[in-house]
């Protein structure tokens, strides 16, 4: 039962990802991506990592994807954007990325082929994660907080409207 | 709950597939939003591999690395989407092949 | 003694004020400041000299420690003994007269403020040179006067020739100064101090007469002295230095700076006494220089160049005296020479000033009645220069010649050479007087010298006449062997030689008894004339031996053969850049794809290793 759930979720994740990356409409692609993330959350849960599963849903599928939704709504690309995207997805454009990704997959498969045994099936509770996080990993937490701060400041700065001062095609012309 | 016993290589195989998909998407798509999505997929696949490895030994370290990947993804998306807005404003397009001013 | 520090400080202060005004100072204020500061310094010197003459007590004043590096602690300190008093008196006394003269001479020049600033700075540096109690401070003054000389020779810098002359003066003396600096390094590393008195004591303790080290050290110091005092082989800059204003020539290139080399050797005489070979070289260099310069002076046409070669020649006498150990006679000649050569230069300046800047003596003539004060000055100056009996030059030159005569071994040769020089001196001095002041008038003077010019001339006339009776307070400071009585014949010859020269000059240039023109017209005569007119072609020789190879080398190096290697590197980098730049397409997807290539490669390597 659990095994079939696992393989089912795996299949959903894989299919949803492929679908997300091949859609022309950004909103549709985003929905598929969220599905994929939710399926991965199920996998986490099944592997005995409920804390990670919860965060995958709340932060990844929730918060981060909402940012994408906002941006897509703000840009409002419309049908013209979609048809252009379809044009860019013509089959012959797939050749090089497909081959390279295929080779990579082959190499990865070769690398993980001899992975030892199976998962332990032991659940790692959030309490244990929290204790370890603020124990041996406390320095890494600090660094992560610095990273988030930098992301915050960077996003605020880059996102400001008045950063656009000059039309690049006509130097010296202030708009 | 939990207690599922799956061959580890199956999970890693899934992660490899997801990663390859993400990479293919990154090389294929010209729209910056889709490129960011591909990056998310790749990050997520790496997180999956870590969590699986943590589950193999019943240690919390895998989940902790997942947390760090999460924060990296959050920061990257915040800055990346900011860039998306700027590029759209400046070039009136998200086609990264046209935003190639920084060439030699 | 508190006024001691004022002596160099006053000229320095006024120079600083004038330089800070950036030439905007009103000219009467600049003149007052320039002359007044030197005058006040002269008064201070008089006070110091009176105090010294009262009890012959050496005065010392330490202002502060200049720098302190390990055990090297030179101080800003002054030491005033008899030699310094003499030098200070000459510098401020003659300097004051020349400054006063300059007021009229330079009045119409737009840069009079700059002129007085440089002149005051020069006086300050020169005073520092003679008052310094250690060799480093002396070197500061030494370089300071060199810099001021450069600035003043090139004072009228709009003419590129003047700039060239200034650079020549600076560079040629720099060759000597480099040797001197090396000498100072050697003295410090060997003796551990640069304070003059401890240094000489230490030298006497550690070195024997004739040791290699004192010979080397004195030879290096001599290099500096030769450059500064324009002696062979570094004398070529002085005639060109006449490009500066005439009062500058009088002060720097006749009375004070060029005698700094003589002062240096006299100041360090104990060191030089340890090196008899150096002294012999000094004597021979002095003799050669005085003869060569005298011959050259005989053939010149430019009034200032004649005086310049005459200066070189007279300093040659001083070196001759130093070389035979007659230090006091040398300083005595330095003083009298300062008087009469300053007089001659100022008189020549007056002639030039009144004759629309005419320098060629053959376009002068008959000025005896037109410019009586100048004529009188020139006559007295020439008499002293030629050492006619009872002029100041007579006493000093007599002392030198007799000291040379009593030198064992080479003495008579030096004496004979000096005597020949005296004969030539007499001839060229009176050639100048006869051509410029007698004969027909060629150019009418358009003005008469004013009182600012006349007063210094008259004072210097008096000094040139009576200077020979001065008794310099040098006993106990400098040794003077005091020549033993010599036969009266030698004395009579010494007295008679200048008179003979005067007669020859009269016959050749005034009496027209012997036709000089026909002599000059002959090919041999013309060749000799041209040879000496060109200063024995030493400039050409240097040009051929030093300047040409150097510029040739520089020309060759201009293409920078060593840099070819580095340029090739640059070129290769550029070429590679040009090829590789196409990889930077600016396209994000292309970058991602390249990274994937790298990733694939790395993974393949890892897999192969683990397999």
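Out of the residues in the stretch B:1-10 that are at the interface with chain A (Cβ under 7 Å from one of its Cβ atoms) and assigned to a helix (DSSP H, G or I), which is nearest to residue B:95 (Cα to Cα)? Here the residue is B:9. Checking A:90, A:140, A:80 one by one, the residue that is over 18 Å from the mean Cα position of the chain (by Cα), surrounded by fewer than 19 Cβ atoms within 10 Å (Cβ to Cβ), facing another protein chain (nearest Cβ under 7 Å) and free of Cβ contacts under 8 Å to residues at least 40 places away in the same chain is A:140 and no other.
Close contacts from the stretch C:588-607, counting a first residue that is within 23 Å of residue A:110 (Cβ to Cβ) and a second that is exposed (fewer than 13 other Cβ atoms within 10 Å of the Cβ), with Cβ to Cβ under 9 Å and a gap of 6+ residues or different chains, come to C:594/C:583.
Given the structure, is residue A:154 under 24 Å from the mean Cα position of the chain (by Cα), modelled with pLDDT of 70 or more and either at the interface with chain B (Cβ under 7 Å from one of its Cβ atoms) or surrounded by fewer than 16 Cβ atoms within 10 Å (Cβ to Cβ) (or both)? Yes. Quick check, is residue B:27 in contact with a helix residue (DSSP H, G or I) (Cβ under 7 Å, 6 or more places away or on another chain), assigned to a helix (DSSP H, G or I) and either at pLDDT 90 or above or more than 7 Å from chain A (Cβ to nearest Cβ) (or both)? So residue B:27 does not fit the description; no. At least 2 residues being within 28 Å of residue C:20 (Cβ to Cβ) and touching a helix residue (DSSP H, G or I) at 6+ places or on another chain (Cβ under 6 Å) is the threshold, and among the helices (runs of 4 or more DSSP H) wholly inside the stretch C:90-207 those reaching it are C:112-131, C:135-153, C:160-191. So is residue B:81 surrounded by 19 or more Cβ atoms within 10 Å (Cβ to Cβ) and either within 7 Å of another protein chain (Cβ to nearest Cβ) or over 21 Å from residue A:113 (Cα atoms) (or both) or not? Against the criterion (surrounded by 19 or more Cβ atoms within 10 Å (Cβ to Cβ) and either within 7 Å of another protein chain (Cβ to nearest Cβ) or over 21 Å from residue A:113 (Cα atoms) (or both)), residue B:81 qualifies. A single entry from A:39, A:61, A:20 fulfils the requirement of being within 8 Å of chain B (Cβ to nearest Cβ) and either in a loop (DSSP other than H, G, I, E, B) or surrounded by 18 or more Cβ atoms within 10 Å (Cβ to Cβ) (or both): A:20.
The values are calculated or read from the model by the stated rules, or taken from the named source; none is laboratory data. Just so it is clear, the structure is predicted and the values come from calculations on it, not from any experiment. So basically every Cβ, Gly included, is an ideal-geometry build from the backbone, and we count neighbours across all protein chains shown.
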